[in-house]
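Just below is one structure, and these are the notes that go with it.
The values are calculated or read from the model by the stated rules, or taken from the named source; none is laboratory data. This structure is a prediction, so every number in the text was calculated from the model and none was measured. Cβ atoms come from the backbone with ideal geometry, glycine included; neighbour counts cover every protein chain shown.
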């Protein structure tokens, strides 16, 4: 994990270097010309590289004869870069100039990855990467000035509509709502979601997870379902459709805005009750309205997992099945241990690569109660 974070930091450092070098090179070019600017920049780089080379014992400089001929012309691209900087900086400004450089790098990087040019291992384009690049370019986020923002969220709603761009931190009341669509073989519907609210980032994840949870739980008409960490109702709504008006769904979510959206997403399904409270508090409640039993339970906790208290409280409700949606396999494994102590075992487990090109894995596990063996006394001899 540390090595991965250091690699990310190194990449960010390179981006910062480009962001500093380009305006400086442009400022030099305005005074002495683009070609002279390139010469000065590369001369300083050569001096510093020579010093580092001596400190490192020459590294593998002796292998220069094995390099393909075209690699010796790489400096030409540096000259092209500084000539273009000399043209764009005075006309477009630093922000737009760096933005254009980044867009060019992005597009060229995609082509090099796809075709495996220049000795780079081939990583063919897929739909997710194409959509990601198009959304980034179409949003205009790279062309705007985000001074004062710590980060920028770019959201492409699956339900259609324009790409939404939200600076972080966002002013109170300024975050728009978007429409997300879930379409699977077992259920189809739409949800109102805050552009800064929780939703699966992979375009196919929500539909995949809903279909899997429905298949694992196999809800029946008239059953009582408890949806914990319910968000905007991703699982509560399709489960309500499955159990019908004769059943009941209790959706518990700690985020007030998410609860308001969950009520809206429930529509006229009056058998869905949304409770804006912490899961631990609701499960520990002794009020007359508290549920003392449930047929089915969905757990979709944050990365920290549900924890012992929640798992034990769920087990006391004696559900016939529990679907656990986990974004951290380690937390899932820990909670499975608590479930075993409480009388539940692992009935099934599916892992999903919901975050491509990262080490994160989403899991959906089925917990089932331990069946006591039907032991009959042996007849007397």
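A Cβ distance below 7 Å, combined with a sequence gap of six or more or placement on separate chains, defines the contacts here; from the stretch 336-360, residues that are in the same structural domain as residue 297 (by TED's automatic domain parsing) reach residues that are assigned to a loop (DSSP other than H, G, I, E, B) and surrounded by fewer than 14 Cβ atoms within 10 Å (Cβ to Cβ) in the pairs 343/370; 344/370; 345/370.
Flag: residue 190 does not match the condition of being assigned by TED's automatic domain parsing to the domain that holds residue 243, buried (at least 17 other Cβ atoms within 10 Å of the Cβ) and within 23 Å of residue 267 (Cβ to Cβ).
Among the listed residues 222, 233, identify the single one that is in contact (Cβ under 8 Å) with a residue 12 or more places away in the chain, surrounded by 23 or more Cβ atoms within 10 Å (Cβ to Cβ) and either outside the structural domain of residue 180 (by TED's automatic domain parsing) or part of a loop (DSSP other than H, G, I, E, B) (or both). Even if it seems obvious, please write down each step before you answer.
Numbers: 222 fails: surrounded by 23 or more Cβ atoms within 10 Å (Cβ to Cβ).
Every option except 233 fails the conditions.
Based on this model, can you work out whether residue 226 counts as within 28 Å of the chain's Cα centre (by Cα) and within 15 Å of residue 301 (Cα to Cα)? Yes, satisfied.
If we scan the stretch 272-288, do we find a residue that is closer than 23 Å to residue 188 by Cα and part of a loop (DSSP other than H, G, I, E, B)?
No, that holds for no residue.
A count restricted to the stretch 56-98 and to residues that are in a loop (DSSP other than H, G, I, E, B), at pLDDT below 75 and more than 27 Å from residue 145 (Cβ to Cβ) stands at 1.
Per the conditions (1) loosely packed, with under 14 Cβ neighbours inside 10 Å; (2) in contact with a strand residue (DSSP E or B) (Cβ under 6 Å, 6 or more places away or on another chain), the sole criterion not satisfied by residue 366 is (1). When residue 115 is tested against the conditions (1) under 22 Å from the mean Cα position of the chain (by Cα); (2) at pLDDT 80 or above, the lone failure is (1). Among the conditions (1) part of a loop (DSSP other than H, G, I, E, B); (2) crowded, with 18+ Cβ neighbours inside 10 Å, residue 268 misses just one, which is (2). Give all pairs with beta carbons closer than 7 Å in which a residue from the stretch 156-181 that is touching a residue at least 60 places away in the same chain (Cβ under 8 Å) meets a residue that is surrounded by fewer than 16 Cβ atoms within 10 Å (Cβ to Cβ); count only pairs at least 6 apart in sequence or on separate chains. So the pair list comes out empty. Of all residues in the stretch 283-302, those that are within 23 Å of residue 198 (Cβ to Cβ) and surrounded by fewer than 19 Cβ atoms within 10 Å (Cβ to Cβ) total 1. Checked against (1) without any contact (Cβ under 8 Å) to a residue 60 or more places away in the chain; (2) within 21 Å of the chain's Cα centre (by Cα); (3) surrounded by fewer than 16 Cβ atoms within 10 Å (Cβ to Cβ), residue 305 meets all criteria but (3). Sort through 314, 322, 279, 310 and tell me the only one that's in the same structural domain as residue 235 (by TED's automatic domain parsing), without any contact (Cβ under 8 Å) to a residue 60 or more places away in the chain, farther than 20 Å from residue 206 by Cα and surrounded by 20 or more Cβ atoms within 10 Å (Cβ to Cβ). Only one candidate qualifies: 279.
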